[in-house]
Amino acid sequence: MVVLPYHELKVNDYNEPELERIIESSQTEWFNYHNFLTALLPLDLLRKDEFYRQLYNKYPYRPGIIKLPKYTCYNWHKDDTRGVCINMLLSFKGHSHCLFAPDRIGSLDSHGFVELKYKPYKRYIFNNQMEHMVVNFEEDRYVLTLEFMDDKHKLSFEDLLTGITNGTYMD
């Protein structure tokens, strides 16, 4: 069985109109965080959603929106501290690719990859400890992301996936 570096969560779709208003607002404060433009979100916004509320009770997180400008590539990397996150693409007008390279070691010139093809309003567990990259084209790209308080040494992709798929994150 092939284990993918991401997993689509089988929970209700999340379509929060306030996220679009935050993205479009001139009042939104964007700051540089790991070479992404990032806006922090109020925790209460996500806690209106049953899944996010129950998830926070077991796995506390900080929510934010990541912006990748058009015609930008965020090159191959593994995250320094994050073992896992939950992401949801917020922009669907543009053309972008999120790629994982399970077999990439160092600076290999040729290697395989797996693409995460985001579906609208679907949430994905994302393995930040597998080499990954994003290539973005003609529109700015926005992703809702949850950064867990526990780092890669305390919370892995496998731990979170097991906790969520077995329902052990729920009270």
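The values are calculated or read from the model by the stated rules, or taken from the named source; none is laboratory data. Because the structure is predicted, anything quoted here is derived from the model rather than measured. Cβ placement follows ideal geometry from the backbone for every residue including glycine, while neighbour counts extend to all protein chains displayed.
For the reader, a short list of remarks on this structure follows.
- Considering the range 131-145, and only residues there that are among the aliphatic types (A, V, I, L, M) and within 13 Å of the chain's Cα centre (by Cα), the residue that is farthest from Met88 (Cα to Cα) turns out to be Met133.
- Residue under evaluation Gln54, criteria (1) within 29 Å of Glu115 (Cβ to Cβ); (2) of a type in the set (S, T, N, Q); (3) surrounded by 14 or more Cβ atoms within 10 Å (Cβ to Cβ), criterion not met: (1)
- Lys67 vs. criteria basic (Lys, Arg), modelled with pLDDT of 95 or more and surrounded by 13 or more Cβ atoms within 10 Å (Cβ to Cβ): yes
- Residue check, Tyr61 on the phi > 0 side of the Ramachandran plot and surrounded by fewer than 20 Cβ atoms within 10 Å (Cβ to Cβ): no
- Flag if Asp150 is among the acidic types (Asp, Glu) and either touching a Lys or Arg at 6+ places or on another chain (Cβ under 9 Å) or modelled with pLDDT under 95 (or both): no
- Where Thr28 falls short, out of the listed (1) in contact (Cβ under 8 Å) with a residue 24 or more places away in the chain; (2) surrounded by 13 or more Cβ atoms within 10 Å (Cβ to Cβ); (3) over 17 Å from the mean Cα position of the chain (by Cα): (1)
- Output for the range 115-171, where each listed residue is surrounded by fewer than 17 Cβ atoms within 10 Å (Cβ to Cβ), touching a residue at least 40 places away in the same chain (Cβ under 8 Å) and assigned to a strand (DSSP E or B): Met133, Val135
- Residues (farther than 24 Å from Ser156 by Cα and touching a Phe, Trp or Tyr at 6+ places or on another chain (Cβ under 9 Å)) located in the range 21-38: Ile23, Leu37
- Qualifying residue in the range 70-80 (condition: basic (Lys, Arg) and in contact with a His (Cβ under 9 Å, 6 or more places away or on another chain)): yes
- All conditions but one from (1) more than 18 Å from Glu131 (Cβ to Cβ); (2) of a type outside the set (D, E, K, R); (3) in contact (Cβ under 8 Å) with a residue 60 or more places away in the chain apply to Tyr74; the one that does not is (1).
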